[in-house]
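Notes follow the structure.
Rule-based calculations on the coordinates, nothing more; no lab input. Since the model is a prediction, treat every value here as computed from it, not as a measurement. Note: ideal-geometry Cβ built from the backbone for every residue, glycine included; neighbour counts use all protein chains shown.
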Amino acid sequence: MSPAHKPRIAVVFGGRSSEHAVSCATAASVLAVIDRDRYDVVPIGISHDGKWVLESAEPARLQLTAGHLPAVDGAAAAVVVSNDPARHAITVAEPGATPPELGAVDVVFPLLHGPWGEDGTIQGLFEIGGIRYVGSGVLASAVGMDKHYMKIVFAAAGLPITPYAVVKPREWEDDRGAVREAVAALGYPVFVKPARGGSSLGITKVYDVDGLDDAVEHARGYDPKVLVEPSAEGSREIECGVLQRLDGDADASKVAEITGYGEHEFYDFDAKYLGEEGVTLQVPADIPDELAEEIQRLALLAFEAIGCEGLARVDFFVGHDGAPVINEINTMPGFTPSSMFPRMWAESGVSYPELVDRLITLASERPTGLR
């Protein structure tokens, strides 16, 4: 960034995925803390049908509550986004306006969860234009989003993963018997989930073969490719955040544990985001130091294995044998102040506003193009 002008940050949120409301809530939190004395901020929403609109910088209406799922209004005036190759920036303007009305944007902060945002698609758009942006690049985003290929890469890197079966569209349509056999080999109960989804949407816990077909169809409503995993009964759910430093290396946060689901069968969407009673998160986790250090080590290796940049959250199961296995990695984890990633870093000495500023600074200083 040139020191002669105030850096402009485009905060992009919403999107076409089922996690649209979560993305809006994340944006509300970031917009509330981003340093307006240091940055000019341009909030850009993407509606469910893919329209880009200039949003209000007032975050209140974007907050997620039990009675309100926020959304970007696709009927609002669309914005025009064009590349400015001379500055490795984008120019944003309302239709009919001259570009300087909003001006060039130096860094994009894509607060998008799920497909068409967290999966490398929007990252590819930015890469084509030579635009700086927060977070992982195309490959890491795509691999992190697709739990099937994530497991393949982690296994190739020698990292411990949970067993799984993949249900591809043609397999489900042509030979459901073979699918049932593959799932039975995992041992019930199992979790059936979209292979490329998040926020616990589309997930069903299945106790026997009688519930499998409905669960697969439910998951296919979110993604035609489905992942099935053993439920890891009795395991502890541990999470660890990873944050890159300005020198390019990364640090692991203190670890946290999900210790109670309240009235929920598992840590589902309502338990995560709607403040349900009885849901308990412990930061830091009450585990032996040696186990915490091993989880931090594995989190950093997972971050490196898929080539992450900026930030990630790595989720683990710890079974009765005390050995951690990786459940998944999130390249754009939940990012409200009550989400696990910011809470773990707050416990590690990095406040929420400092997290936002660190990520913007990282994006502004890394080169565009292949790296």
key: Theoretical FRET efficiency, 1/(1+(r/R0)^6), r = Cβ-Cβ of Glu290 and Arg245, R0 30 Å, to 0.05   = 0.75
query = In straight Cα distance, which aspartates and glutamates are under 13 Å from Lys6, not counting same-chain residues fewer than 8 positions off?
reply = Asp35, Asp37, Asp40, Asp106
note = Checked the range 165-230 with the C-alpha gyration tensor, a ≥ b ≥ c its square-rooted eigenvalues, rounded below a/c of 1.5, otherwise prolate if a/b is larger than b/c and oblate if not; verdict oblate
ask   = If the cut-off is 26 Å between C-alpha atoms, which lysines fall inside it for Lys151, apart from same-chain ones fewer than 8 positions away?
value = Lys168, Lys193, Lys205, Lys225, Lys254, Lys272
key: Sites matching chymotrypsin sites (Phe, Trp or Tyr not before Pro) across the range 181-238 that sit in DSSP coil, with at most 14 neighbouring C-beta atoms within 10 Å   = Tyr207
remark   = In nanometres, the difference between 0.36 nm per residue of separation and the alpha-carbon distance of His320 and Ala157 is 56.3 nm
key: In the range 145-215, the trypsin sites (Lys or Arg not before Pro) that fall in loop regions by DSSP, at most 16 other Cβ within 10 Å   = none
